[in-house]
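Asker: The structure is given below, and queries will be raised subsequently.
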Amino acid sequence: MSAMPPPLVTVTENGLYCPAGGFHIDPWRPVDTAVITHAHGDHLRHGSTRYFVAEPGVAIARHRLGTDHHPMPLKYGEQLQLGSTTISLHPAGHILGSAQLRIEHEGQVWVVSGDYKRQPDPTCAPFEPLACDVFISEATFALPVYQWQPTVEVVEEIFHWWRANRERGLASVLFCYALGKAQRVLAELRAFTDETVYLHGAVNVLTEVYRQQGVEMVPTLPVTGERKTDYKGALIIAPPSAAGSPWMRRFGDHSSGFCSGWMRVRGNRRRRGYDRGFVLSDHVDWPGLIETFKATGARRILLTHGYSDALARYLNELGISASALETAYGDEEQQ
């Protein structure tokens, strides 16, 4: 019996590492060569010598890394030789510029998904299923309870909540992650309105990066400190970190909403102190996970962050080889 080939990707103290290629994937410490799946803070960190990113995400990566770094762009599907491997980046459907990493070496093909979703999103390229031998997948929402309704239905709920609050003389403050989720909501709102939405500074700067990349959204203005601005009846989008802060005082009477996949579980909204919860996630849901594993044809599934242990047990019971990988990736939806 022939020996099993060594794994193409291993876990090291610096993060996921490809020995044959001599590069790390979304490293959590500075390394020589980093291949980045997307620009959320738990996947893109400062200090590495060189970065490779998907071309649509270069502007976001530059914004996040600062002027001292010059990430090198790869077009989706473009092949690059690193060490003795051939790599390419392919759409992940998570946020603008998000990518899956395909690694080929001596007849083996591994795919590292990064974070991904299967729902349509006007702000980024759709997920591209890739045939592979081993698929490394996130497991953020890997329980059957997490199943997403169509995005347009959720955004319609947001729109009607905003309108109902206006009739009551209230501002509507919607909390959601500043990179990806906020811009997705702003783009999807175009189906219902062309009214201006006000943005927290952290959301505003990233929204401008999206606009520069050609993403169409409803008109926006930054929230200012000027007291003459009357926010009664307005929709304001802010990151969860702004909740309960002095920044909120300028809005007076308001209703708060939180946009996250975690709102799918009854009780999360009340525990977090929001008036409304809207179930909208940039991560793949339970049916999407199973659909993806089938589409890849992978003979082995490796799982990172989230409910990875529970999903691994489920897959093994189905006869699919699966195990969890310990990583430092988190869930940006809670930040």
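Asker: Take the Cα radius of gyration of the range 12-52 and divide it by 2.2 N^0.38 Å, with N its residue count; two decimals is plenty. Walk me through the intermediate numbers first.
Answerer: Details: Rg = 8.9 Å, N = 41, 2.2 N^0.38 = 9.0 Å.
This ratio for the range 12-52 stands at 0.98.
Asker: Which value, in Å² rounded to 10, gives the accessible area of D32 with a 1.4 Å probe and all protein chains present?
Answerer: Spelled out: D32, probe radius 1.4 Å, area about 110 Å².
Asker: Where nothing but the Cβ of Lys and Arg (+1) and of Asp and Glu (-1) is charged, how large is the charge dipole of the range 1-141 around its Cα centre, in debye to the nearest 20? Could you put the intermediate results ahead of the total?
Answerer: Numbers: 9 positive and 14 negative charges, 53 e Å.
The dipole of the range 1-141 has a size of about 260 debye.
Asker: Quick one: order E78, E188 from most to least accessible surface, probe 1.4 Å. Walk me through the intermediate numbers first.
Answerer: Values: E78 75, E188 35 Å².
Output order, biggest surface exposure first: E78, E188.
Asker: Largest first, what is the accessible-area ranking of T86, T123 with a 1.4 Å probe? If you can, show how the numbers build up before the last one.
Answerer: Numbers: T86 30, T123 5 Å².
Order by accessible area, largest first: T86, T123.
Asker: While we're looking at this one, here's another question. If contacts are Cα pairs under 8 angstrom and at least 6 residues apart, what is the relative contact order of the chain in percent?
Answerer: Details: 746 pairs, mean separation 56.3, N = 335.
Relative contact order, the chain: 17 percent.
Asker: Could you check the spin-label model distance between E216 and R299? Points 7 Å from the Cα along Cα→Cβ, value in nm.
Answerer: Going from the E216 label point to the R299 one covers 4.7 nm.
Asker: Please report, as a whole percent, how much of the solvent-accessible surface of the range 96-204 comes from carbon and sulfur atoms (probe radius 1.4 Å). Could the numbers behind the result be given before it?
Answerer: Numbers: 1770 of 3560 Å².
With neighbouring chains kept in place, the figure for the range 96-204 is 50 percent.
Asker: When ligands, DNA and RNA are left out and all protein chains stay put, how many square angstrom of accessible area per residue does the chain have with a 1.4 Å probe? Don't skip to the answer; put the middle values down first.
Answerer: On the way: 14280 Å² over 335 residues.
Averaged over the residues of the chain, the accessible area is 43 Å².
Asker: Take F192, F293 and sort them by solvent-accessible surface of the protein heavy atoms, 1.4 Å probe, largest at the top. Intermediate results must be reported in sequence, preceding the final value.
Answerer: On the way: F192 60, F293 15 Å².
Most to least solvent-accessible, the answer reads F192, F293.
Asker: When the chain is fully extended, how far beyond the present Cα-Cα distance does D275 get from R249, taking 0.36 nm per residue of separation? If you can, show how the numbers build up before the last one.
Answerer: On the way: separation 26, 0.36 × 26 = 9.36 nm, distance 1.67 nm.
Stretched out fully, the D275 to R249 stretch lengthens by 7.7 nm.
Asker: How are the Cα pair distances of the range 54-190 distributed, in percent, across 10 Å bins from 0?
Answerer: Spelled out bin by bin, the range 54-190 gives 11, 32, 31, 18, 7, 2, 0 percent.
Asker: Moving on to the next point. Plugging the Kirkwood radius over Cα pairs into Stokes-Einstein for the range 31-86, at a temperature of 37 °C and a viscosity of 0.692 mPa s, what D comes out in µm²/s? Can you show the working numbers first?
Answerer: Values: Rh = 11.6 Å.
Translational diffusion coefficient: 284 µm²/s.
Asker: Sticking with this one: Can you compute 3J(HN,Hα) from phi for each residue in the range 140-149, using the Karplus curve 6.51 cos²θ - 1.76 cosθ + 1.60 with θ = phi - 60°, rounded to whole Hz and x for Gly and Pro?
Answerer: These are the phi-based 3J(HN,Hα) values: 3, 10, 8, 9, x, 5, 8, 9, 8, 7 Hz.
Asker: Considering all projection directions equally, how large on average is the shadow of the alpha-carbon convex hull of the range 268-322, in square nanometres?
Answerer: Numbers: hull surface 19.6 nm².
Mean shadow area of the hull around the Cα atoms is 4.9 nm².
Asker: Right, something else. So in the chain, which Cys have no other cysteine's beta-carbon sitting under 4.7 angstrom from theirs?
Answerer: Result for the chain is C18, C124, C132, no neighbouring Cys Cβ within the cutoff.
Asker: Label points 7 Å out from Cα along the Cβ direction at F192 and H70: separation in nm?
Answerer: Each label point is offset 7 Å from its Cα along the Cβ direction, giving 4.5 nm.
Asker: Now a separate question. Could you compute how much accessible surface Y17 exposes when probed at 1.4 Å, giving the result in Å² to the nearest 10?
Answerer: 60
Asker: Over the Cα atoms of the chain, Rg to Rh with Kirkwood Rh, two decimal places? Please report the intermediate quantities before stating the final value.
Answerer: Values: Rg = 20.6 Å, Rh = 20.8 Å.
For the chain, the value is 0.99.
Asker: From the C-alpha gyration tensor of the range 78-159, pull out the three semi-axes of the equivalent ellipsoid (sqrt of 5λ each), sorted largest to smallest, in whole Å.
Answerer: Working: eigenvalues 182, 43, 13 Å².
Each semi-axis is the square root of five times an eigenvalue, giving 30, 15, 8 Å.
The values are calculated or read from the model by the stated rules, or taken from the named source; none is laboratory data. Every value quoted in this text rests on a predicted model; they were computed, and no experiment measured them. Ideal geometry is used to build each Cβ from the backbone, glycine not excepted, and the neighbour counts take in all protein chains shown. Side chains are part of the model used for accessible areas, which takes the heavy atoms of the whole protein and leaves out ligands, DNA and RNA. Shrake-Rupley method; radii C 1.70, N 1.55, O 1.52, S 1.80 Å.
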